[in-house]
Amino acid sequence: MSYLILKDLEKRYTKGGNLVVNKMNLSIRKGEFIVFLGPSGCGKTTTIRMISGLEEVSGGDVLIEGESILHKKPKDRGVSMIFQSYAIWPHMTVFENIAYPLKLQKLSKSEIKERVMAAAEATDITALLDRYPTQMSGGQRQRVAVARAIVVKPKIFLMDEPLSNLDAKLRVSMRTELKNIHNKEHATSIFVTHDQSEAMSLADRIVIMNKGVVEQVGTPMEVYHDSATKFVASFIGTPPTNFFEVSIEEMNNELFAVSKSFQYRIQQELRKALKPYIHKTVDMGIRPEFIDIFHEDQVKSEYLYDTVIDFVEPQGTHSVLIVNLEGKEAKIVTTKYMDIRPGTKVSLYIRDGKAMFFDRETTLRIK
Amino acid sequence: MSKLKLANSNKTGLPNTDIFKKKQIDLKRVFSKKAIPYLLLLPAFIYYAIFWLAPVFAGVAEVFTDVNGQFTLTGNFKLMMHSDLFDKAVMNTALFAAVSVMIQYFIALLLAVLLSRKFRGAKLFMFIAMIPMAITPTAVAILWKTGLIKEGWINSLLMFLHIIKEPIVFLNAEGLAAVFLIILIDTWTVTPSVMIILLAGLQGMQRELKEAAYTFGANKWRIFVDITLPILKPSIITSIILRLIAAIQVWAIAVMVLGFNKVPFLVERIAFYVDAVPGVATSEKLAFTFSFTTTVIVFMVTIIYLKFAKRNTKIGGSS
Amino acid sequence: MDKLNIIQKTVMGLVITTMVFSVVVPLLFFLSIAFSSDVEMTKFPKPLIPTFTVTVKIAPAEDDQYEVFHDRGDGYRSIITTGNPTRLENHFRRQYSVRVPGEQLLKDFSKTRIYGPMEFQYRKDFFHNFKQFFAIVNNSIPALKNSVLVSVYTILISLSIGSVAGYAMARYSFKFKDFINVTLLIVRMFPVVGISIPMAILLIKFGLFDTLLGLALLYSVPNIALTAWITSSIFIGINKELEEASLIFGANSFQTFMRITLPLAFPALTASSMYAFLTAWNDTISALILTNKNQTLALVVYKAIGTTSSGIQYAAAGSIILILPALVFTFIVRKYVNQMWGGVEL
């Protein structure tokens, strides 16, 4: 079933140096679109460079169709790569750029031409074939890079932040096109980015990495609504999740998250999981859109705290409210009270089932 | 800058100013705006008119008048062609320029490819490699003369290494051997710097360009031939042309190491007629004609350079 | 892509070592010769490091004379026999670069009358050749001064005219701009030797022949164009908004240029002035054509080798003085050297 498997994959650049990628395990199905997401230096680029064969592996294994590819050269791995800088060769025309990989495979001229034309059509650059890269815009170069990557009909597409050099508008439209091309070609794809909205909109599954470790693998909805670690909860979502330090206490047979300024009653489902943490400190996280500023009759929620709105940032579709909670800024997203004014007294309520708790040592979600 | 200032003053101009005055301000603005760059370039224009164009024309005039001040189209060129060692000077200059540049770029490219990785002490290495080029040509000549004399350091070194038993008398070299001696000295001077330039090009090249070729199945040699070299080619060729222009003007090393008339070059002939046989009417004419000829040759190489540079910007060297 | 194996590492090490040696060894020998005494110059093979002392063997001779023996590598040989303090002093100075008064030598040697022949060791005057270069070679001290002055003049002319032109090229678009650009490039490439001789005639007319200013005017020909080229590329890089901001905050055009534009363009001006310096400092052929009495140092060194072929160590010492400033300035502008050579940036 699994097409590409990473098994305890490890990378360190110097002997005894830091692990840039630490015991990474992942299995990818055929035709899946996987996104590696994480801050810079988290090891995501290193990982796809190891898959492509540009980087040596320090430990573990990479298997394609059940066969280890570590001993193989990049060209024999059946992968092709789109680089961050596109890596379009400036001295070759667009046609020559796309044809070069095929020339290396010593294909016949007619076949090369046929396949280049097909790839150019798929990426909509047939009009550019005689031009040199320096005469083209960033978006056009990007298309050439994609055409060059699909022309070799790879088993796996590797894309290293391919959209990061484009301007914001182009980035969004190219991302739709990449998804389109993927749907047409059905090639298994791994896409590296640090942009969460890019990741959410492209991925079948997202691999969230931090400091060389995989924090969570899941669909966009899973990583958002069911974050596995504190890092994932804080990295995914804008504005980010609000965190508070609380201690878990038991009163009247019920569990409470207690801080200096509030006592929050924990819903029943988490009772069992949180029981071992009684009298201990944990991190409590709430996404901004799951906090209400007034009690809503039709919504099941639990009272948290009375406070005052400090700032309002209208965004059109919603407003971001900033309140002071425990001496820290907490952000709330509201679509209902968009015209609320700073200084208004509010009572915060958390929607049932939306409070998340994280172990302070392992940073894992407690559930 | 002043454009902005003038625009401002115009804006603040009172609305009730009469039309004529307003028009004048506009005229002034348009005029001065256009004139500014020319005014700034004026000193350079004047300078080049007096100290470049005038001498160039004077030089051309001299070349086409004979010793008695009569016009002659070819007289001075005939004089030059029949002057002593003219053939040799032309041959040697061509040989020197071609061979030295070829040897230097071949060695430099080889070294640059071998060293195109990061290594410890790279900075110090670059520093040392730049020294020969930084030495005043006169001093380079003396440096090598102290080596080439019979009791010089080259013989000392060769004896010490047991390569030779008897000291070699380098300075007796004649003909081709003498030219190659000068090529050798020039190679010592120039090659390390050329290597640094090529190395900078190799290291400065985007790594991903090579990696892309590698992932598509190109081996090291193919990457070098198909990717690295073609991408560097424009800058290599420009630097070769610039180097050629310098090589055509070789003379000081030849004269100082071996003396006048030993290895004739075009510019060496100029120096000879100015320095060794001054005051004679024909030698002055010869100096003029030789310098005119050299300039024309350099000028032609420059035109090639310009053509090439233009083509590069069209195709686009590096992205 | 892949790591170096041991063989590749060794090859790389060997290549680096060979290159370093082939550059450094000639330089070391050259330095050694610049500090060698006359007697060391006749030694063969030559040492890589010059000696700091000289040892002679003295034997007493008749009539208050002393016989001086020196070992040139094949045992002690009698060199001179004299009792004359001036002759002794001269001999020691010329042959061994030892500067000791003759009376002092005689006093030292008088010990041999008691103890018999013995060896004496004297410290060499390490800068003997440099002193000799300035003493023997005609005009060498004025020449050094001339070289510095011509360089300064060249820098002043090139910078004042060139940077203004560079500013115009960078900030304004106008007719003939492309044409002017190409002309500047041609002038930059133009061989100075090509106009040196006609320039001589022109300078005679202006009464500037054989003057430092005349020479500087010639050297400025390629350097004005070069300065315009370097500064314009820097001015293009300086955001115009920086200047406009200054104007908005109330500075006038001149203040803006002095306080904002000029400081930002400082690196370009430094580089341009270094080039102007190097042209003026390194040139021989134009100085040969355009000067008579007011020679530059490079020219004097060039002539020195013709006249004193036996005392090449003095010419070597003169070259060292010639090399040092050029070396320092080249390293200051090395960032630009590579661009000059075809646009590969370091």
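Quick one: would you say B:MET102 is at pLDDT 90 or above, within 24 Å of B:PHE224 (Cα to Cα) and either among the basic types (Lys, Arg) or in the same structural domain as B:ASP186 (by TED's automatic domain parsing) (or both)? I'd like the intermediate steps shown before the answer.
On the way: at pLDDT 90 or above: yes; within 24 Å of B:PHE224 (Cα to Cα): yes; either among the basic types (Lys, Arg) or in the same structural domain as B:ASP186 (by TED's automatic domain parsing) (or both): yes.
Taking the combined requirement at face value, the residue satisfies it.
Any residue that is at pLDDT below 80 and under 25 Å from B:ILE196 (Cα atoms) - is there at least one of those in the range C:309-330? Steps first, answer last, please.
So in the range C:309-330, the residues at pLDDT below 80 come out as C:309-311, C:330.
Filter once more, keeping what is under 25 Å from B:ILE196 (Cα atoms): C:330.
Yes - at least one qualifying residue is present in the range C:309-330.
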**Message:** Could you go through the range A:276-292 and let me know if any residue there is over 29 Å from A:VAL213 (Cβ atoms) and buried (at least 17 other Cβ atoms within 10 Å of the Cβ).
**Reply:** yes
**Request:** Report the residue count in the range B:263-282 for those that are free of Cβ contacts under 8 Å to residues at least 12 places away in the same chain, within 20 Å of C:LEU299 (Cβ to Cβ) and more than 11 Å from every other protein chain (Cβ to nearest Cβ).
**Result:** 2
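Kindly evaluate B:PHE51 against the criterion of being at pLDDT 90 or above and within 10 Å of chain C (Cβ to nearest Cβ).
Working: at pLDDT 90 or above: yes; within 10 Å of chain C (Cβ to nearest Cβ): yes.
In short, yes.
Residues that are outside the structural domain of A:ILE48 (by TED's automatic domain parsing) and polar (S, T, N, Q): find the helices (runs of 4 or more DSSP H) completely inside the range A:103-205 holding 1 or more of those. So that I can check it myself, show each step before the final result.
On the way: elements: A:109-123, A:138-150, A:168-185, A:196-202.
Passing ranges: none, list empty.
Does the range A:59-70 contain any residue that is among the hydroxyl-bearing types (Ser, Thr, Tyr) and either exposed (fewer than 15 other Cβ atoms within 10 Å of the Cβ) or assigned to a helix (DSSP H, G or I) (or both)?
Yes, that holds for at least one residue.
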**Fill in**
Considering the range B:131-182, residues that are small (Gly, Ala, Ser) and within 17 Å of C:PHE44 (Cβ to Cβ), and then whichever is nearest to the chain's Cα centre (by Cα), we arrive at B:GLY147
**Request:** Tally the residues that are more than 19 Å from A:LYS103 (Cα to Cα) and surrounded by fewer than 21 Cβ atoms within 10 Å (Cβ to Cβ), restricting the search to the range A:132-154.
**Result:** 7
**Asked** Just wondering, is there one or more residues in the range C:15-35 that are farther than 21 Å from B:LYS150 by Cβ, surrounded by fewer than 18 Cβ atoms within 10 Å (Cβ to Cβ) and modelled with pLDDT under 85?
**Response** no
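When you check C:ILE58 against the structure, is it aliphatic (A, V, I, L, M), at pLDDT 85 or above, surrounded by 16 or more Cβ atoms within 10 Å (Cβ to Cβ) and not in a loop (DSSP other than H, G, I, E, B), yes or no? Even if it seems obvious, please write down each step before you answer.
Working: aliphatic (A, V, I, L, M): yes; at pLDDT 85 or above: yes; surrounded by 16 or more Cβ atoms within 10 Å (Cβ to Cβ): yes; not in a loop (DSSP other than H, G, I, E, B): yes.
Answer is yes for this residue.
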**Asked** Wholly within the range B:150-262, which helices (runs of 4 or more DSSP H) include no fewer than the required count, namely at least 3 residues that are at positive phi, modelled with pLDDT of 90 or more and within 14 Å of chain A (Cβ to nearest Cβ)?
**Response** none
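For residues that are within 14 Å of chain B (Cβ to nearest Cβ), under 34 Å from the mean Cα position of the chain (by Cα) and not basic (Lys, Arg), tally how many sit in the range A:97-127.
Selection size over the range A:97-127: 8.
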**Prompt:** Right, C:ASN282: under 26 Å from the mean Cα position of the chain (by Cα), touching a residue at least 24 places away in the same chain (Cβ under 8 Å) and more than 18 Å from C:MET189 (Cα to Cα) or not?
**Reply:** no
**Asked** Take the residues of the range A:155-170 that are on the phi < 0 side of the Ramachandran plot and within 16 Å of the chain's Cα centre (by Cα): which is surrounded by the fewest Cβ atoms within 10 Å (Cβ to Cβ)?
**Response** A:SER164
**Prompt:** Considering the range C:197-219 alone, what residues qualify as being more than 7 Å from chain B (Cβ to nearest Cβ), over 14 Å from C:THR154 (Cα atoms) and in contact (Cβ under 8 Å) with a residue 12 or more places away in the chain?
**Reply:** C:ALA200, C:LEU203, C:PHE209, C:ASP210
**Request:** Search the range A:57-79 for residues being in contact (Cβ under 8 Å) with a residue 24 or more places away in the chain and under 21 Å from B:ARG207 (Cα atoms), and hand back the single one that is farthest from the other protein chains (Cβ to nearest Cβ).
**Result:** A:VAL57
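The values are calculated or read from the model by the stated rules, or taken from the named source; none is laboratory data. Remember, predicted model here, so these are calculated numbers, not experimental data. Note that each Cβ is placed from the backbone with ideal geometry, even for glycine, and that neighbours are counted across all protein chains shown.
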